[in-house]
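Chemist: Supplied in structure tokens, the structure appears directly below.
All of the numbers you see were taken from the coordinates with simple rules; none came from a lab. If you're wondering where the values come from, they're calculated on a predicted model, not measured in any experiment. Glycine gets a Cβ as well: all are built from the backbone with ideal geometry, and neighbour counts include every protein chain shown.
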Amino acid sequence: MPSCLPAELVEHIVYEVGHLPSTNPEGERTRISTLKSCALVSFAFLFPSQRLLFHTIDLDSFWRHLTRKKCSLRFHRLLSSSPHVGTYVRELRLGDDVEDDYSANAGTNRSWLPQATHIPSMLQMMPNLTAFSLTFNGDVIQWKSLSAEIRSALGRLFRLPTLQAVTLEFITGFPPQLLYSLARLKCLGLSCVDVDTSTPFKCEDQTHLRSHSKSQLEALYLRGTLQPTILALTAALSSASPVSLRKLLVTPTVEPGFCTEIAQLLLTIGSGISHFGWLPSIHFSPSSDPINISSTTLPHLHTLRFTVSFRQMRSRGGPFHKIHGLLGQLLSDTDATATNNIKSITFDVNFLQVASDEKSIRSTWRPIEILLEHPGFARLQEIKIRLPTSTNGVQARGMFGLAFEYFFVGLRGRGVKVTMEVLHGRDERFLVQDCFL
């Protein structure tokens, strides 16, 4: 049926539908269902609807009990039959199937993705990607175990002029040259990615790469990353003048030396960082090596984000031990009146315990409250406490909510905005969005 509406109005209608609030899985399903209905209204609605429907392709999750391999094969067939769809894709999430209950290889620890013949052509049919996520779902893969065709296809993808963000997970033997080239992006996330140290990376190689792939990286998320990778990144990012890095998120390993290398990274390229996140595992205690986020090292730092796990309630120092130490670095030892630039602090709280009374909950938070009441945090404007439903039960959230109104009373009186937010259906995967939260 032909549309009697102007094309500009059709575009606006579809845009509004495509950007309906979708803070939970049900809202996202409703949004997609509505877009599908719009695509069937008329030919005029078809392509605007498809642009939004295919904006983000997630091949790293279950869909009606289909394995990731089957989903990627079906999507490849769709692209082959309708090539224009590939031009609409802006974000692609690609993952392996090794831990899927429905996989034909379940329990055999065999991965299908490294030798998948359809992957190179599929990647080539999406020329306008701005964001790309690749994970092997816990089965660490040697880069050289990927077929030569896939490695070449990924190399071409990483050089796309439209590409701005990449996250990689569970890869070892990653070429340092490729890591250097990724520094030209705006956002990079590495989870358990280790560079290849078997072939020495010569100084002349570094000089060549710096001249051909100048760092523009603004956001970096390092999760469980080993020392050689951090060293290579430090070398790559130090080529930028002025330093481009503005946001650094860190999930430390339990291995000694991680924090030492992060500290060196901050000393080398931390002068422009405004956002810093300390996001340790919620299941175990990280390395206790020192790390410095003082105003001397990070003069422009104004936003902090911390992960808190009450599974460490009985560990040495409790759940706030490391956080208390990091915040304490932002206070001057010599000038009690000196103020730092911190304006916003976010606490992502996990595994709240069902306390017997509100007083015991408040007492756990009291040391942080006292610290933030120090005149050194006079510029603080906002404190956000976020409670994911995936790690906090209804009863624990309820008890915490009753005690929350008594948190940070002194800071509230100073005009600091203190809020609590329950995060429903939070995606726990390592995704590009994590670098921007």
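Chemist: When ranked by the protection proxy of mean other Cβ atoms within 10 Å per residue, highest first, what sequence do the peptides 338-345, 220-227, 387-394 form? Let's see the in-between values first.
Modeler: Numbers: 338-345: 18.1, 220-227: 22.0, 387-394: 16.1.
Those peptides, ordered most packed to least, come out 220-227, 338-345, 387-394.
Chemist: Could I ask something else about it? Roughly speaking, what is the centre-to-centre gap between the range 29-64 and the range 124-161 when only Cα atoms are used, to the nearest Å?
Modeler: Centre-to-centre distance over Cα atoms comes out at 25 Å.
Chemist: For the range 231-288 and the range 369-406, write down the distance between their C-alpha centroids in whole Å.
Modeler: When both Cα centres are located, 26 Å separates them.
Chemist: Then there is this: Kindly rank 417-425, 66-74 from highest to lowest mean number of other beta carbons found within 10 Å of each residue.
Modeler: Details: 417-425: 14.1, 66-74: 19.2.
Output ranking for 417-425, 66-74: 66-74, 417-425.
Chemist: Does a label point 7 Å from the Cα of residue 337, set along Cα-to-beta-carbon, have any residues of the range 358-388 with amide nitrogen under 14 Å, and which are they?
Modeler: 375-376
Chemist: Please give the direction-averaged projected area of the C-alpha convex hull for the range 128-174, in square nanometres with one decimal.
Modeler: Numbers: hull surface 13.0 nm².
For the range 128-174, averaging the hull's shadow over all directions gives 3.3 nm².
Chemist: So what's the projected area for the range 223-285, the Cα convex hull averaged over all directions, in nm²?
Modeler: Details: hull surface 16.3 nm².
Average of the hull's projected areas for the range 223-285 equals 4.1 nm².
Chemist: Taking 0.36 nm per residue of sequence separation and subtracting the Cα-Cα distance, how much length would be gained by fully extending the chain between residue 311 and residue 255, in nm to one decimal?
Modeler: 18.2 nm
Chemist: What net charge is computed for the residues neighbouring residue 362, neighbours being all others with C-beta under 12 Å from the C-beta of residue 362, Lys and Arg scored +1, Asp and Glu -1? Display every interim value, and only then the final one.
Modeler: Values: positive: 359, 366; negative: 357, 358, 369, 405.
Within the 12 Å Cβ shell, the charges total -2.
Chemist: Moving on. Among 118-130, 183-195, what's the highest-first ranking by average C-beta atoms within 10 angstrom per residue?
Modeler: Values: 118-130: 17.9, 183-195: 22.6.
Packing order, densest peptide first, comes out as 183-195, 118-130.
Chemist: Tell me, what does the Kirkwood hydrodynamic radius of the range 31-77 come to in angstroms if you use every pair of distinct C-alpha atoms?
Modeler: Details: mean 1/r = 0.0845 Å⁻¹.
The answer is 11.8 Å.
Chemist: Over the residues of the range 372-422, compute the C-alpha Rg and express it relative to 2.2 N^0.38 Å. Display every interim value, and only then the final one.
Modeler: Working: Rg = 12.6 Å, N = 51, 2.2 N^0.38 = 9.8 Å.
Cα-based Rg divided by the globular estimate yields 1.29.
Chemist: Report, as a whole number in µm² per second, the diffusion coefficient that Stokes-Einstein gives for the range 347-400 at 25 °C and 0.890 mPa s using the Kirkwood radius over alpha carbon pairs. Numbers along the way, then the final one.
Modeler: On the way: Rh = 12.6 Å.
Answer, rounded: 195 µm²/s.
Chemist: For residue 384, which lysines qualify as cross-link partners when the Cα separation must be under 30 Å and same-chain residues fewer than eight apart are set aside?
Modeler: 186, 247, 322, 343, 359, 417
Chemist: Could you work out the relative contact order of the range 136-192, using alpha carbon pairs under 8 angstrom and six or more residues apart, expressed as a whole percent?
Modeler: 43 percent
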